[in-house]
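Computed from the coordinates by the stated procedures, all read-outs in this text should not be read as laboratory data. Every value quoted in this text rests on a predicted model; they were computed, and no experiment measured them. Don't worry about glycine lacking a Cβ; one is built from the backbone with ideal geometry, like all the others, and counts go over all protein chains shown.
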Amino acid sequence: MAYRDLAPVVVYTYSRLAHLQQTIEALQRNFLASRTVLYVISDGPKHAGHKPTVDKVRQYVDGVSGFREIVRVYRDKNLGVPTSLIEAEKQVIHDHGTVISMEDDNISSPNYLDFLNGGLQTYWDDPSVFSICGYCPPIPIPRDFKSEYWFYHWNLSWGFATWKHKYDKVYPLVNDFAAFKREGLLRKVRSQGGLYITDSLLRDFKKKSIFPDAVLCAKMTRENLRSVIPTISKIRNIGSDGTGVSGSQLAAKHDTRLDDRDITEFRFGSVPPMNEHVIQAMVKFQNSGILTRVSRRLGVYHELSAFKYWLKGQVLHG
């Protein structure tokens, strides 16, 4: 694989130095690190009290090495996570034609860049594939499923790669909820197991929270796009501690085994388009049990989750 064909990696960060260090160190251990261009996007401090923490993050980034080239983007103003991320993403993909997008809590396996770049080269001209993803939840995989990857209806945003000509099909990420509903798109997403997506879309539309990933997934359904998912995860998320800008915590169920093999070549194109057993396992994982499904349909899932974490904290500190 020629270095000029490798996609640049973009890591977005704000104030979590310990998380960023682990993310960068894992990337440095990637087999393709020395041939890869790394962008680190540091958002500006939201207020004066955050400046010392942001400065420490940038001091660390100043000393990072081990990549073909490092481009440091230090913003003067605070754009916020969605805007800072998407603006950088657009610029990098415009300049390079491809991008690998990561957050500062995505720990990668050594063959993460091999998997994503291999997928990018294989599915460049496949109009049905929007992205190559690095994360796979801890779902049960059938014993007879021997492929290194599978197709899923939607993108998983914890470390993914895409191409400009496909990125342009779905961006900008405008939540046109009324149109989605009128077109029957919400019903189609739910029928494919995306109750967790439609719930987030509604919350985003009502300005209760920001869910650009849900908007992306809805637009993927509209454009009949899908994503490549690794059978063994190449990403593990360490941001489940509530330290992110959103302050949200992730359920422990998202923690997964990271690929520790030396495999760098993946037989893309050798698997049937979809594997229903794997997809159904994913749907069950994402939508959880009946209480979760009912609360999502009623639009109170996130409030119940927040209450559960608050109650857990009261018990631990009581």
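Which order do VAL73, VAL189, VAL228 fall in if you start with the one that has the fewest other Cβ atoms within 10 Å? Each step should come with its number before you reach the end.
Working: VAL73 17, VAL189 24, VAL228 28.
Listed from fewest to most nearby Cβ atoms, that is VAL73, VAL189, VAL228.
Quick one: which residues, 5+ away or cross-chain, put their amide H under 5 Å from the amide H of VAL99? H built at 1.01 Å from N.
THR162
Check TRP150: other-chain or 5+ apart residues with amide H under 5 Å from its amide H, H built from backbone geometry?
Here ILE229, THR231 satisfy the definition.
Using the 10 angstrom Cβ neighbour count as an exposure proxy, how do TRP163, TRP158 rank, fewest first? All intermediate terms of the calculation are to be shown ahead of the outcome.
Numbers: TRP163 22, TRP158 25.
Arranged by neighbour count, lowest to highest, TRP163, TRP158 become TRP163, TRP158.
Quick one: VAL283, VAL54, fewest Cβ neighbours within 10 Å first, how do they rank?
Working: VAL283 17, VAL54 21.
Ordered by Cβ neighbours within 10 Å, fewest first: VAL283, VAL54.
Do you know the relative contact order of region 89-246, to the nearest whole percent, from alpha carbon pairs under 8 angstrom that are 6+ apart? Kindly include the intermediate steps, with their values, before the conclusion.
Values: 233 pairs, mean separation 60.2, N = 158.
This gives 38 percent for region 89-246.
Going through the cross-link list LYS46/LYS90; LYS146/LYS234; LYS90/LYS219; LYS56/LYS164; LYS181/LYS206, which pairs have a Cα-Cα distance over 25 Å in this structure? Let's see the in-between values first.
Details: LYS46/LYS90 22 Å; LYS146/LYS234 17 Å; LYS90/LYS219 17 Å; LYS56/LYS164 33 Å; LYS181/LYS206 14 Å.
From LYS46/LYS90; LYS146/LYS234; LYS90/LYS219; LYS56/LYS164; LYS181/LYS206, over 25 Å: LYS56/LYS164.
Each residue of region 218-224 in order: what ³J(HN,Hα) in whole Hz does its phi give by Karplus 6.51 cos²θ - 1.76 cosθ + 1.60, θ = phi - 60°, with x for Gly and Pro?
4, 6, 4, 5, 4, 8, 6
Across region 75-91, in residue order, what do the Karplus-derived ³J(HN,Hα) couplings come to in whole Hz, using 6.51 cos²θ - 1.76 cosθ + 1.60 with θ = phi - 60° and x for Gly and Pro?
7, 6, 9, 8, 8, x, 4, x, 5, 4, 5, 5, 4, 5, 4, 4, 5
Karplus couplings for region 13-19 from phi (6.51 cos²θ - 1.76 cosθ + 1.60, θ = phi - 60°), rounded to Hz, Gly and Pro as x?
9, 9, 10, 8, 4, 4, 5
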